[in-house]
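Below is one structure, written out as structure tokens; the observations come after it.
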Amino acid sequence: MHEPREGPPLAVDIIVADHHRVVAEGVSALLRPYVRSVVLVHSAGALLDGVSPGMLVVGDIDLPDMPGLEPVRRIAERRDGSRFIVLSGHDEPLIVQDAMQMGAWAYVLKQSPRNELLDAVRDVLDGQRYVSPGLMAALVNAPPSVHRLTRRQREVLERMANGLRASDIATELGISVRTVESHRQSLLDLFHVHSGVALVREAIRMGLIRDPGGPYTAVRDEGLPQKPS
């Protein structure tokens, strides 16, 4: 593991994206002595607006206004030299796999020693991928075909299974209806299904959520399943 070293800062501008402001400020304080500049944002929208070609993104995958790995995918699709380093508390190997396949250049755990993030920045600038060493063994052995969900995806899906409307889900989780609908669409795409009913049934079949019991009927235009009264 590299030790922090003296000398000129790395020739890179970094944008830190985390909706927890204290976390974002801590990451910024860690990186600022070693890079040219650091900018903080607290939402996916601000991140996508603020990224310039060649910047490094150090970002969480639980940003409140966009589902899961969508910001990683969008940054990767730009093909403008900007690169995404995921800094996350999620240590599930299959989420790491998904992130790297989606276009992330590095995956660092928030609970890792501080030097790991600096290692990741240096490796990515050198054109190399990086994954926290503590994840490597589990990542190699993870089955590639099983889906894992982010915390927010699971929360939305569990409430869909209980028959809640998008507006009710938004109220319970403290997010917007639009964000709920974005999560729902990303889940439909992930499971390759076309309705909320099929989505819930597939997630239950795969053991990703518990079966709350009772039949489901898609009766609303918004597509979320509703338990019959």
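In sequence order, region 13-19 has phi-based couplings of 9, 10, 10, 9, 10, 7, 6 Hz under the Karplus curve 6.51 cos²θ - 1.76 cosθ + 1.60, θ = phi - 60°, and Gly or Pro positions carry x. Accessible area per residue for region 11-153, computed on protein heavy atoms with a 1.4 Å probe, is 43 Å². Site pair L173 and M136 shows an inter-label distance of 3.5 nm when each label is modelled 7 Å from Cα along Cα→Cβ. Between the amide H of M66 and those of A44, distances stay under 5 Å, these residues lying 5 or more places away or on another chain, with hydrogens modeled in the peptide plane.
Here the gap between Q101 and D80, fully extended at 0.36 nm per residue and compared with their Cα-Cα distance, gives a gain of 5.8 nm. When the solvent-accessible area of region 24-74 is split by element, carbon and sulfur atoms take up 53 percent of it, the probe being 1.4 Å. Taking a sphere under 14 Å around the Cβ of S82 and counting the other residues whose Cβ falls inside, with K and R at +1 and D and E at -1, yields a net charge of +1.
Quick one: go through region 33-54 and flag any residue whose amide nitrogen is under 16 Å from the point 7 Å out along the Cα-to-Cβ line of H19. Flagged as within label range: 41-48.
The values are calculated or read from the model by the stated rules, or taken from the named source; none is laboratory data. Bear in mind that the values here come from a model prediction, so they are computed numbers and not experimental data. Using ideal geometry, Cβ is built from the backbone for each residue, glycine included, and neighbour counts are taken over all protein chains shown. Each accessible area value is taken on the protein alone, full model and side chains, heavy atoms only, with ligands, DNA and RNA left out. Shrake-Rupley method; radii C 1.70, N 1.55, O 1.52, S 1.80 Å.
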